[in-house]
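S.K.: Before anything else, here's the structure in question.
The values are calculated or read from the model by the stated rules, or taken from the named source; none is laboratory data. The structure displayed is predicted, hence computed values, not measured ones. We place every Cβ from the backbone using ideal geometry, glycine too, and count neighbours over all the protein chains shown.
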Amino acid sequence: QNVLFERISKELKQEVAGCIGLLGSSLSGQDIHGFFEWVFSNVNSAETDVKVFLSMALLEMLKQDEVPQRARDHIANVMANVHQMLEAAVAPNLLTVILD
């Protein structure tokens with residue numbers, strides 16, 4: 001998490017976001033619930049650039065979960081949180097990631 005808050009290259013942050021998403025896609029049960037809580041609690045309290053990278057991590061997680069569907073029991077909650085993110089998005093780059 002801390003690396004997303006550091007002043008490092010955008011490319012490195014994108015790679016870290018991808019890794020976080022891959023980690024999230026390997027979780028199940030309560031662990032996956034905790035992953036979503038962690039993502040959305042950090043999204044709600046972070047600056048725009050961190051929100052972008054956390055949204056990228058969420059997107060990667062959901063892409064990887066397409067077939068195993070470990071997150072299916074949490075999708076309603078995820079969509080409600082994404083809806084809130086969309087309503088609160090003020091930066092074009094954040095809006096683009098959320099719409100992906």
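S.K.: Of the residues Ala76, Ala80, Ala57, only one is modelled with pLDDT of 90 or more, of a type outside the set (D, E, K, R) and touching a Cys at 6+ places or on another chain (Cβ under 9 Å); which? Steps first, please.
M.R.: Values: Ala76 fails: touching a Cys at 6+ places or on another chain (Cβ under 9 Å); Ala80 fails: touching a Cys at 6+ places or on another chain (Cβ under 9 Å).
The unique qualifying residue is Ala57.
S.K.: Still on this structure, I have one more. Check whether at least one residue in the stretch 73-84 is crowded, with 20+ Cβ neighbours inside 10 Å and either farther than 17 Å from Lys10 by Cα or among the polar types (S, T, N, Q) (or both), and report yes or no. Show your work before the answer.
M.R.: At the first step, the residues of the stretch 73-84 found to be crowded, with 20+ Cβ neighbours inside 10 Å are none.
The answer is no, given that none of the residues of the stretch 73-84 is crowded, with 20+ Cβ neighbours inside 10 Å and either farther than 17 Å from Lys10 by Cα or among the polar types (S, T, N, Q) (or both).
S.K.: Something else about it: Looking at Gln64 and the list (1) crowded, with 19+ Cβ neighbours inside 10 Å; (2) in contact (Cβ under 8 Å) with a residue 40 or more places away in the chain; (3) not β-branched (Val, Ile, Thr), which single condition is not satisfied?
M.R.: (1) is the only condition that Gln64 fails.
S.K.: For the stretch 43-59, which positions are farther than 15 Å from Val16 by Cα and either of a type in the set (S, T, N, Q) or surrounded by 17 or more Cβ atoms within 10 Å (Cβ to Cβ) (or both)? Give the steps one after another, and end with the answer.
M.R.: Quick first cut of the stretch 43-59, residues farther than 15 Å from Val16 by Cα only: 43-48.
Val43, Asn44, Ser45, Thr48 - these are the residues of the stretch 43-59 that are farther than 15 Å from Val16 by Cα and either of a type in the set (S, T, N, Q) or surrounded by 17 or more Cβ atoms within 10 Å (Cβ to Cβ) (or both).
S.K.: From Gly34, Gly21, which residue is surrounded by 13 or more Cβ atoms within 10 Å (Cβ to Cβ), modelled with pLDDT of 95 or more and farther than 18 Å from Gln84 by Cβ? Show your work before the answer.
M.R.: Working: Gly34 fails: surrounded by 13 or more Cβ atoms within 10 Å (Cβ to Cβ).
When all the criteria are applied, what remains is Gly21.
S.K.: Does the stretch 1-15 hold any residues that are modelled with pLDDT under 90 and of a type in the set (A, V, I, L, M), and which are they?
M.R.: Those that are modelled with pLDDT under 90 and of a type in the set (A, V, I, L, M): Val3, Leu4, Ile8.
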